[in-house]
Amino acid sequence: MRAIVTGGAGFIGSNLVDALLSRGHEVHALDDLSKGDRRNVDRSAELHVADIRDPGEAFDAARPDVVFHLAAQADVRVSVERPAFDAEVNVLGTIRILEAARRHGAKVVFASSGGAAYGECDGPAPESAALRPLAPYGTSKVCGEEYLSTWNRLYGTAHVSLRLGNVYGPRQMPHGEAGVVAIFMGLLRDGGTPTIFGDGAQTRDYVFVADVCEAMVRAVDRDGGVYNVGTGAETSVVDLYGAIRAATGIDREPAFAPARLGELRRSVLDPGLAGRELGWAPRHSLAEGLDETWAFISRRS
Ligand code: NAD
């Protein structure tokens, strides 16, 4: 297939570019480089430096069959400080991508966020759980999903949304909603002391980036729908820090600081539907994923 990966110079997007190239597809990356880095994009892919709010030229050049839509304003705090900007990129940008995809008859796979969409969880959240975003970022992601569903009903398209857990792995940047692994490992490498906010008992569902890319590729064959892409396992920040200590071999005590306002206590996704309908399951344990991530981060200065 001919694929466009929006956000293809970013963390997950550039890993997806690699995954698609290794499967023999023609790959185009569309990124405005506001957060991404052109060095992340493999030379076998074509990089189009463009904004998702004006994607026409890049789409005309690439003529895609499939669009993996990952470009976003992905910083929760920015969404609170600048909600209109967040909506411009995440809502208007997604509409423009849907329209550009429609002109080329292309299928869209959209990167939504489980943690941001469900809000506080009382156990692994299935796709049917109530959506209670705690920040404009989550609202704009849910909105994007709804636009995909509306396009499916209106135009008979088969676009798919994936609600990702907290993704980690090589090339993650220490910003965005789940940068904690990159932040902790970067500090340990550089001789710094990682800080845990609150009591460290808050939990997240950490999913390795290669497993996420596999789910995205599998989603291309589905006829619409919304799927969780997580492990179903909760890891507290304290336990994550312990696992990072083991992966890095650096035995340094963390610092503790007061809890941050509005932070979720529990976030965990039920991946059962993706297992049944996409035949997908995470292949990397947390220890394996952290080992691969450290192999990457420890080589960088
Ligand atoms: P990232 O910031 O590394 O990648 C996003 C990319 O989009 C960047 O390269 C950035 O330059 C680009 N971009 C931003 N605004 C743009 C615009 N207006 N036009 C064109 N390009 C633009 O983030 P990531 O962690 O790789 O996240 C990728 C997607 O997955 C995002 O949609 C994010 O919301 C979603 N997601 C990520 C996580 C996670 O844990 N990292 C979890 C859930 C959902």
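The values are calculated or read from the model by the stated rules, or taken from the named source; none is laboratory data. These figures come from a predicted structure and were not determined experimentally. Methodologically, a virtual Cβ is constructed for each residue, glycine included, from the backbone with ideal geometry; neighbour enumeration extends over all protein chains shown. Surface areas here come from the heavy atoms of the whole protein model, side chains and all, with no ligands, DNA or RNA. Shrake-Rupley method; radii C 1.70, N 1.55, O 1.52, S 1.80 Å.
Can you find a residue in the range 246-257 that is in contact with a Ser or Thr (Cβ under 6 Å, 6 or more places away or on another chain) and more than 16 Å from the ligand (Cβ to nearest atom)? Yes, the range 246-257 contains a residue that is in contact with a Ser or Thr (Cβ under 6 Å, 6 or more places away or on another chain) and more than 16 Å from the ligand (Cβ to nearest atom).
Against the condition buried (at least 24 other Cβ atoms within 10 Å of the Cβ) and of a type outside the set (G, A, S), how does I52 come out, does it pass? So I52 fits the description; yes.
The residues of the range 117-144 that are closer than 13 Å to Y227 by Cβ and under 14 Å from the mean Cα position of the chain (by Cα) amount to a single one, A117.
When the range 254-294 is filtered for residues that are assigned to a helix (DSSP H, G or I), touching a residue at least 60 places away in the same chain (Cβ under 8 Å) and either open to solvent by 60 Å² or more (accessible area, probe 1.4 Å) or farther than 16 Å from G165 by Cβ (or both), the ones remaining, listed by number, are E288, E292, W294. So for the range 251-268 (the condition being modelled with pLDDT of 95 or more, in contact with a helix residue (DSSP H, G or I) (Cβ under 8 Å, 6 or more places away or on another chain) and aliphatic (A, V, I, L, M)), does at least one residue qualify? Scanning the range 251-268, I find no residue that is modelled with pLDDT of 95 or more, in contact with a helix residue (DSSP H, G or I) (Cβ under 8 Å, 6 or more places away or on another chain) and aliphatic (A, V, I, L, M), so the answer is no. Taken residue by residue, the range 8-20 has at least one member that is β-branched (V, I, T), open to solvent by 10 Å² or more (accessible area, probe 1.4 Å) and within 9 Å of the ligand (Cβ to nearest atom). A single member of D239, D205, D223 is crowded, with 22+ Cβ neighbours inside 10 Å and at pLDDT 95 or above, and it is D205.
Take the conditions (1) under 20 Å from the mean Cα position of the chain (by Cα); (2) surrounded by fewer than 24 Cβ atoms within 10 Å (Cβ to Cβ); (3) in contact (Cβ under 8 Å) with a residue 24 or more places away in the chain; (4) within 14 Å of the ligand (Cβ to nearest atom); V108 misses just one of them, which is (2). The set of residues in the range 157-205 being more than 16 Å from the ligand (Cβ to nearest atom) and within 22 Å of G249 (Cβ to Cβ) consists of L187, L188, R189, D190, G191, G192, T193, P194, T195, I196, G200. Remark: D37 falls outside the filter, which requires a residue to be at pLDDT 95 or above, under 17 Å from the mean Cα position of the chain (by Cα) and surrounded by 22 or more Cβ atoms within 10 Å (Cβ to Cβ).
From the list A71, A101, A29, A9, the lone residue that is at pLDDT 95 or above and either outside the structural domain of E214 (by TED's automatic domain parsing) or assigned to a helix (DSSP H, G or I) (or both) is A101. Pairing each residue of the range 20-39 that is within 15 Å of C213 (Cβ to Cβ) with any residue that is open to solvent by 50 Å² or more (accessible area, probe 1.4 Å) and of a type in the set (D, E, K, R), provided the two are 6+ apart or on different chains, yields C-beta distances under 6 Å for L21/D42.
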